[in-house]
Amino acid sequence: MIPSSSPAFPLPPAVLDALRQLLGDRLVTSAAVCDQHGRDESIFAAMPPAAVAFARCTDEVLAIVRLCREHRVPLVPYGAGSSLEGHTLATQGGVTLNLQQMDRLVAVHDEDQTATVQPGVTRKALNAALRDKGLFFPIDPGADATIGGMCATRASGTNAVRYGTMRENVLNLTVVTPDGQLVKTARRARKSAAGYDLTRLFVGSEGTLGVVVEATVKLHPLPESISAAVCAFPSIDTAVQAVVQIIQVGVPIARCEFVDSVAIRALNGHSNTGLPEQSHLFFEFHGSETGVREQVALVQDIAGEFGGERFQWADTPEERTRLWEARHNVYFAALLLRPGCRSVVTDVCVPISRLADCVNQTADDLRQSGLLAPIVGHVGDGNFHVQMLIDGGCADELEAAEALNARLVTRALGMDGTCTGEHGIGLHKQAFLLEELGEAPVALMRQIKHAMDPHNLMNPGKIFAF
Ligand SMILES: Cc1cc2nc3c(=O)[nH]c(=O)nc-3n(C[C@H](O)[C@H](O)[C@H](O)COP(=O)(O)OP(=O)(O)OC[C@H]3O[C@@H](n4cnc5c(N)ncnc54)[C@H](O)[C@@H]3O)c2cc1C
């Protein structure tokens with residue numbers, strides 16, 4: 001584990017009293033709840049806040065932000081707590097603002113294909129509410145994350161290759177800024193050229209520039225026809241080469257996921273998938289019946305050229321749900337390969353033409369390192385993850401994992417890629433952000449942060465030191 005370094009910010013009694021008055025028993029200071037909010041799946045030791053405030057409405061968020069600002073108390077917005085790079089750790093103590101109880105679906109405009117939601121609505125809850133409307137919200141990080149958290153991390157997932165990420169799917173946000181103002185960034189029009197794009201300033205800001213209290217997102221019509229399949233390949237290289245070809249010939253594939261043989265072993269143990277322990281691609285096709293048939297034929301041809309065999313189809317909704325639930329569970333399934341272990345998860349993304357090189361070189365590196373680590377990825381986007389399963393108490397293993405992560409990032413940057421395709425910077429990737437963008441762009445980010453949050457109260461210590 002990486003030990004916590006900063007001392008917790010003591011909460012002034014006046015703030016505690018005012019928060020208690022505002023929230024009653026929705027202000028919690030118990031060690032268990034604070035500890036749970038001060039840890040995540042990352043390798044950092046817990047950094048708990050002094051208190052957790054559970055807000056139920058925008059007025060409460062406004063009051064909490066203004067109070068914290070007045071007393072210079074750090075404030076960490078919190079959704080489902082599923083982020084992976086130390087995003088929610090309370091580096092300076094203070095208050096964590098849990099938004100899960102702001103979970104109202106505010107409006108669905110079927111004819112415009114948009115939904116306006118409070119930040120605590122989760123992606124699964126939103127899709128459950130849309131079930132009868134013939135619409136869906138496609139962004140699906142493996143966890144059942146909140147829409148507020150997904151905006152803040154610029155999340156994506158298995159559908160991004162066809163439908164885009166949160167960057168493309170958020171139309172407007174209502175945000176409580178660090179100085180306690182309520183700001184709506186845009187209207188509901190599909191596009192706008194009105195001034196600076198504040199929506200996209202907040203999307204990906206990791207809770208450092210304000211608290212999202214409402215979001216309007218794009219919805220998409222449920223496709224007339226859906227088909228899904230898994231296909232085994234003789235090697236990592238052949239599977240990835242097939243993906244590159246599929247993307248390059250322009251198949252409008254909805255999902256195209258790589259799962260290596262170690263991850264398949266984990267899935268077989270956890271989800272009883274019964275797949276051969278080889279590299280696999282998981283596919284999903286959306287469109288008209290004819291369109292899906294054409295996509296399937298093309299993909300089968302390409303897969304065949306690269307030795308892909310044994311297409312197993314999941315045609316009913318139940319079979320498809322089982323397939324994708326298994327894929328989404330791969331993270332937790334992998335943890336069972338080494339009971340009691342911790343994960344160091346990487347998240348690079350490269351231009352598709354460099355994907356095969358990047359994955360192959362990484363697989364070689366991994367073999368030499370001796371670490372146990374499945375490789376999975378949203379490879380249709382050029383994005384993949386290595387999940388290194390280490391003994392959290394073993395400094396040597398942690399060092400080896402961190403060194404492999406650093407080499408992978410350097411490799412991806414050398415291919416004009418990025419140190420994070422979807423998980424974000426948080427605490428863990430700050431040095432890589434600098435390596436990726438250089439001094440001037442990061443200095444500009446600091447200037448924006450300073451202009452909006454001069455006392456550095458909103459999720460301090462994330463994205464960059466300030
Ligand atoms: C098993 C597993 C699989 C995953 N797979 C993916 C994946 O495929 N793709 C992907 O993108 N991510 C993935 N993730 C990471 C994670 O699910 C995403 O980062 C997600 O967007 C986090 O949402 P959350 O609600 O859990 O936010 P949290 O973890 O609670 O918070 C994340 C960040 O957002 C800020 N925040 C939260 N709510 C708000 C708000 N209302 N206003 C302002 N800031 C806020 C927090 O301060 C923090 O900086 C995965 C995680 C796990 C555990």
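The values are calculated or read from the model by the stated rules, or taken from the named source; none is laboratory data. None of the values given here were measured: they were computed from a predicted structure. Cβ placement follows ideal geometry from the backbone for every residue including glycine, while neighbour counts extend to all protein chains displayed.
The criterion of at least 2 residues that are within 15 Å of the ligand (Cβ to nearest atom) and crowded, with 24+ Cβ neighbours inside 10 Å is met by the following strands (runs of 3 or more DSSP E) wholly inside the range 58-128: 75-78, 95-98. Only a single item in (1) under 20 Å from G421 (Cβ atoms); (2) of a type outside the set (V, I, T); (3) in a loop (DSSP other than H, G, I, E, B) is not met by G195, and it is number (1).
Does V330 satisfy the condition of being under 26 Å from A228 (Cα atoms), away from the ligand (no atom under 13 Å from the Cβ) and either of a type in the set (V, I, T) or more than 23 Å from the chain's Cα centre (by Cα) (or both)? So V330 does not fit the description; no. Selection of first residues in the range 140-160 that are touching a residue at least 40 places away in the same chain (Cβ under 8 Å) and of second residues that are near the ligand (Cβ under 6 Å from one of its atoms) and assigned to a helix (DSSP H, G or I), restricted to Cβ pairs under 7 Å at least 6 apart or on distinct chains, gives the following pairs, ordered by first then second residue: P141/M150; G142/Y331. For the range 183-198, residues that are crowded, with 17+ Cβ neighbours inside 10 Å and closer than 22 Å to M458 by Cα total 2. Scanning the range 275-283 turns up no residue that is of a type in the set (D, E) and within 16 Å of the ligand (Cβ to nearest atom). Only one entry in T122, T91 is touching a strand residue (DSSP E or B) at 6+ places or on another chain (Cβ under 7 Å) and not hydrophobic (A, V, I, L, M, F, W, C), namely T122. The strands (runs of 3 or more DSSP E) located wholly in the range 337-410 include none with 2 or more residues which are surrounded by fewer than 16 Cβ atoms within 10 Å (Cβ to Cβ) and assigned by TED's automatic domain parsing to the domain that holds W324.
Considering only the range 187-198, I want to know if a residue exists there that is charged (D, E, K, R), within 20 Å of G380 (Cα to Cα) and modelled with pLDDT of 95 or more.
no
Of the residues screened, D110 is not one that is closer than 15 Å to T122 by Cα and modelled with pLDDT of 95 or more. From the list M388, M445, the one residue that fits, being free of Cβ contacts under 8 Å to residues at least 24 places away in the same chain, of a type in the set (A, V, I, L, M, F, W, C) and within 16 Å of the ligand (Cβ to nearest atom), is M445.
Before we move on, is A50 more than 11 Å from the ligand (Cβ to nearest atom) and hydrophobic (A, V, I, L, M, F, W, C)? Reasoning before the result, please.
Details: more than 11 Å from the ligand (Cβ to nearest atom): yes; hydrophobic (A, V, I, L, M, F, W, C): yes.
Answer is yes for this residue.
Among the residues of this structure, L444 does not count as one that is of a type outside the set (V, I, T) and buried (at least 16 other Cβ atoms within 10 Å of the Cβ). Would you confirm, using the coordinates I've provided, whether A189 is hydrophobic (A, V, I, L, M, F, W, C), within 11 Å of the ligand (Cβ to nearest atom) and not in a strand (DSSP E or B)? Spelling it out, it is not the case that A189 is hydrophobic (A, V, I, L, M, F, W, C), within 11 Å of the ligand (Cβ to nearest atom) and not in a strand (DSSP E or B). Count of the range 133-179 residues, restricted to those that are away from the ligand (no atom under 11 Å from the Cβ), more than 30 Å from P74 (Cα to Cα) and either in a loop (DSSP other than H, G, I, E, B) or modelled with pLDDT under 95 (or both), is 4. When P49 is tested against (1) in contact with a strand residue (DSSP E or B) (Cβ under 7 Å, 6 or more places away or on another chain); (2) touching a residue at least 60 places away in the same chain (Cβ under 8 Å); (3) closer than 13 Å to Q92 by Cα, exactly one condition is not met: (2). Right, R20: basic (K, R) and in contact with a Leu (Cβ under 7 Å, 6 or more places away or on another chain) or not? When the stated conditions are applied, R20 passes them.
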